[in-house]
Every structure is written in structure tokens, then in C-alpha cells.
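Peer 1: After the C-alpha cells below, expect a handful of questions from me.
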Amino acid sequence: MLRDTQFRHITVSPITGALGADIHGIDLASHPDDPAFDEVRRALDKYHVVAVREQNLTPQTLHTVARRFGPFSGNPVHAPIEGLDDIIRFVREPDDTGKVIGEDWHMDLAWMAKPPGLTMLYGEVIPPVGGDTCFSSLAQAYRALSPGMQALLHDRIGVHSGKGVFEINAANSRLALREDAQNIDTIEAEHPIVCVHPATGERYLFVSSVMQSIKGLTAEESRPLIDYLLRHAVRPEFNCRVRWAPRTLTIWANPFVLHTAINDYPGYRRVTYRTTVEGWVPMAVPAASDTIAQAA
Ligand SMILES: [Fe+2]
């Protein structure tokens, strides 16, 4: 297994050449010292998805660990577990059929004005085989576009809508939804299609499954372009696949990736806990550097 020698306090091993890393050698629940914790943050900036192995978390300690990464983003859809406002529980029972939670490529809560900056998902009960999560890098997707397409997309604004999100979630009988969750049908957020990371300056394509239109274009013009971008964004060379094990905590830089749950474990139980960390208002490329050159 390749080890990234930039990291000295934890063991970081890339999953693919596109994104993602496995992390060993840190126990997040025992309040690791700042250098080790900072390296997890740095690994997230570099790899956008990290699978932190061999953790031993309860909902309460997941809450404590998550809040060290930042405040809760809020979640207008799912009802939290009792006593912890920022933790939700996903359950799939062995005899459940139909779609699994999170099936189909998406970004979590992309229709919020400030989509979560991080999503953290802890595996408590994991099938012996199957149930992986796939990720795709929106930074790689941006870099792979032609200069002409990059130029076309600069200064363009995508409209992301919560319409239909309630219905998808309500169709899953295991999901607890907030009483006012239906209100998300009316929420829309406008995000630049080409964004920059506020800290690293890295450029990425901000597309999501709930992107409905592109401002300034007609519906007929928008739809084929959105469909193309969504197909492009999940090309296999931009992907990694996290194979879960019990006690894995997977953390992803939510606006930088699309992800999808794999529905291939009928007959097995799966229990995970999720929380999200506040992000930022997606930022367009600053006017002064508004060229089609790729970010360093
Ligand atoms: Fe998700």
C-alpha cells in the first residue's frame, strides 16, 4: 500500500490517483493532539475523501469529534436522533427492498445557500460484502474540461432546487424526517458553476443532481449542458470507492465530490450515523484571476 510521506503523524494511503485516502494511526475519540488532527484536515484538503479506519465511536463521541472539525451545518430534511441535534441514523434491514439511501450520484444538501463543507459518516453495522460508497472528484472533472468549455462555464450560475428531495426521502420508510421537511420543496440556491476553494484556491465544478437550470440560458439550452456535466463529472478516472468496515469513519469534502451509495447487499443489515459540518457560500473565481488557466 502506497504511503504518502507528507504525513508524519498519521498513515495516509491514497485509494486511487483521482481522490480518496485511507487513514490509519489515529484515534479521533481520544482527542488526538493538534499535529495529528491537523494532518487529517490536510489530508481532506489534498484527497477530498478520507476513510479513517479503526475508530470506536458512539453517537455522542461522533458528535464531539465532528464539532472539532466545525459547527453543524444544519439539516432541514432529516430528524436527528434523540438528544443529539446534529446526528442522524441510517438503517437498512436485511429484508428491505427498493433503493438504498443515497443511491444515485449526488452532493449532500447542494440546494442550501451554504452546503455542508464536510460530511462525516460512521459505519456501525456494515455488510460483510457490498455497500461501498463511490466518490467522484469535481476538481478533476473541472481540470479535464477543454479550455473552451471552461471558458463557457466561467461566470455561469447554476440553480439548485430542493424540489423533489422531500419525496425521495419520504419514500424510504426507515428515514426519520423533520416535521417541516416538506418546506424544502420551495428552496433554491444559486451557485457559481466554477468555484474556488476558499483556503486552497483549487478550482472545482459545482454541479449536483438537483441542478435545474443555468441562469441566462433557456430550459432547452440548460438541460443538455447540465446532463453532459453530470455525466462528465462521474467518469471512472475521477472516482474512488470506499470499502467500508465496521468502525470506519468516512469524511468527505462535500462540495468537491459527488457520491453514490451502492445497492448490492440484500439480506444484510447496515447502520450508519451521519453528521455534517458547516461549509461556505460557494465562491466564484475572483475577477482578477478570471482566466481559464488551471489552479495550481
Ligand atoms: Fe449523500
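The values are calculated or read from the model by the stated rules, or taken from the named source; none is laboratory data. The structure presented is a predicted model; accordingly, all values stated were derived computationally and were not measured. Reconstructed Cβ throughout: ideal geometry from the backbone, glycine too, with neighbour counts over all protein chains shown.
Peer 1: I'd like to know if segment 97-119 contains one or more residues that are touching a Lys or Arg at 6+ places or on another chain (Cβ under 8 Å) and over 22 Å from Val49 (Cβ atoms).
Peer 2: Initial filter on segment 97-119 (touching a Lys or Arg at 6+ places or on another chain (Cβ under 8 Å)): 100-101, 119.
Within this subset, residues satisfying the condition of being over 22 Å from Val49 (Cβ atoms) are none.
Within segment 97-119, none of the residues are touching a Lys or Arg at 6+ places or on another chain (Cβ under 8 Å) and over 22 Å from Val49 (Cβ atoms).
Peer 1: Something else: Looking only at segment 24-46, decide whether some residue is within 16 Å of the ligand (Cβ to nearest atom), modelled with pLDDT of 95 or more and surrounded by 16 or more Cβ atoms within 10 Å (Cβ to Cβ).
Peer 2: Residues of segment 24-46 within 16 Å of the ligand (Cβ to nearest atom): none.
No, segment 24-46 has no match at all.
Peer 1: Collect the residues in segment 78-105 that are part of a loop (DSSP other than H, G, I, E, B), within 13 Å of the ligand (Cβ to nearest atom) and at pLDDT 95 or above, keeping them in residue-number order.
Peer 2: Our first condition is that a residue be part of a loop (DSSP other than H, G, I, E, B); within segment 78-105, this holds for 79-87, 93-105.
Then drop every residue that is not within 13 Å of the ligand (Cβ to nearest atom), which leaves 99-105.
If the condition is that a residue be part of a loop (DSSP other than H, G, I, E, B), within 13 Å of the ligand (Cβ to nearest atom) and at pLDDT 95 or above, then Trp105 is the only one that fits.
Peer 1: Keeping to segment 180-210, report how many residues are farther than 23 Å from Phe256 by Cβ and either assigned to a strand (DSSP E or B) or without any contact (Cβ under 8 Å) to a residue 12 or more places away in the chain (or both).
Peer 2: Number of matching residues: 0.
Peer 1: Moving on. In segment 252-278, what residues are farther than 19 Å from Ser137 by Cβ and either part of a loop (DSSP other than H, G, I, E, B) or within 12 Å of the ligand (Cβ to nearest atom) (or both)?
Peer 2: Those that are farther than 19 Å from Ser137 by Cβ and either part of a loop (DSSP other than H, G, I, E, B) or within 12 Å of the ligand (Cβ to nearest atom) (or both): Asn263, Asp264, Tyr265, Pro266, Gly267, Tyr268, Arg269, Thr272, Arg274, Thr276, Glu278.
Peer 1: Here is a check on your reading of the model: is Pro71 under 30 Å from Gln212 (Cβ atoms) and either surrounded by fewer than 22 Cβ atoms within 10 Å (Cβ to Cβ) or within 15 Å of the ligand (Cβ to nearest atom) (or both)?
Peer 2: Details: under 30 Å from Gln212 (Cβ atoms): yes; either surrounded by fewer than 22 Cβ atoms within 10 Å (Cβ to Cβ) or within 15 Å of the ligand (Cβ to nearest atom) (or both): yes.
In short, yes.
Peer 1: Taking segment 106-149 as the search range and keeping residues that are among the small types (Gly, Ala, Ser), within 16 Å of His232 (Cβ to Cβ) and not in a loop (DSSP other than H, G, I, E, B), which one is farthest from the chain's Cα centre (by Cα)? Steps first, answer last, please.
Peer 2: Residues of segment 106-149 that are among the small types (Gly, Ala, Ser), as a first pass: 110, 113, 117, 123, 130-131, 136-137, 139, 141, 144, 146, 148.
Retained after the next criterion (residues that are within 16 Å of His232 (Cβ to Cβ)): 136-137, 139, 141, 144, 146, 148.
If we keep only those that are not in a loop (DSSP other than H, G, I, E, B) too, we end up with 136-137, 139, 141, 144, 148.
On the way: Ser136: 9, Ser137: 10, Ala139: 13, Ala141: 15, Ala144: 20, Gly148: 28 Å.
Result: Gly148.
Peer 1: Take Gly148 and tell me if it is at positive phi and surrounded by fewer than 21 Cβ atoms within 10 Å (Cβ to Cβ). Reasoning before the result, please.
Peer 2: On the way: at positive phi: no; surrounded by fewer than 21 Cβ atoms within 10 Å (Cβ to Cβ): yes.
Criteria not met by Gly148.
Peer 1: Give the residue, chosen from Arg231, Arg241, that is outside any helix (DSSP H, G or I) and of a type in the set (Lys, Arg). Give the derivation first.
Peer 2: Details: Arg231 fails: outside any helix (DSSP H, G or I).
That would be Arg241, the only listed residue that is outside any helix (DSSP H, G or I) and of a type in the set (Lys, Arg).
Peer 1: Another one. Is it fair to say Glu179 is more than 15 Å from the ligand (Cβ to nearest atom), under 29 Å from Ala29 (Cβ atoms) and out of contact with any His (no Cβ under 8 Å at 6 or more places or on another chain)? Give the steps one after another, and end with the answer.
Peer 2: Details: more than 15 Å from the ligand (Cβ to nearest atom): yes; under 29 Å from Ala29 (Cβ atoms): no; out of contact with any His (no Cβ under 8 Å at 6 or more places or on another chain): yes.
Taking the combined requirement at face value, the residue does not satisfy it.
Condition check ((1) crowded, with 21+ Cβ neighbours inside 10 Å; (2) within 16 Å of the ligand (Cβ to nearest atom)) across all residues:
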site: Lys114; (1), (2): no, no
site: Tyr122; (1), (2): yes, yes
site: Val129; (1), (2): no, no
site: Ser136; (1), (2): yes, yes
site: Ala141; (1), (2): yes, no
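Peer 1: Out of segment 153-179, which residues are outside any loop (DSSP other than H, G, I, E, B) and either at pLDDT below 95 or touching a helix residue (DSSP H, G or I) at 6+ places or on another chain (Cβ under 7 Å) (or both)? If you could, list the steps in order and put the result at the bottom.
Peer 2: Our first condition is that a residue be outside any loop (DSSP other than H, G, I, E, B); within segment 153-179, this holds for 153, 157-161, 165-170, 177.
Scanning segment 153-179 gives Val165, Phe166, Glu167, Ile168, Asn169, Ala170, Leu177.
Peer 1: Go through (1) over 24 Å from Val77 (Cα atoms); (2) over 21 Å from the mean Cα position of the chain (by Cα) and name the single condition Glu179 misses.
Peer 2: So the condition that Glu179 fails would be (1).
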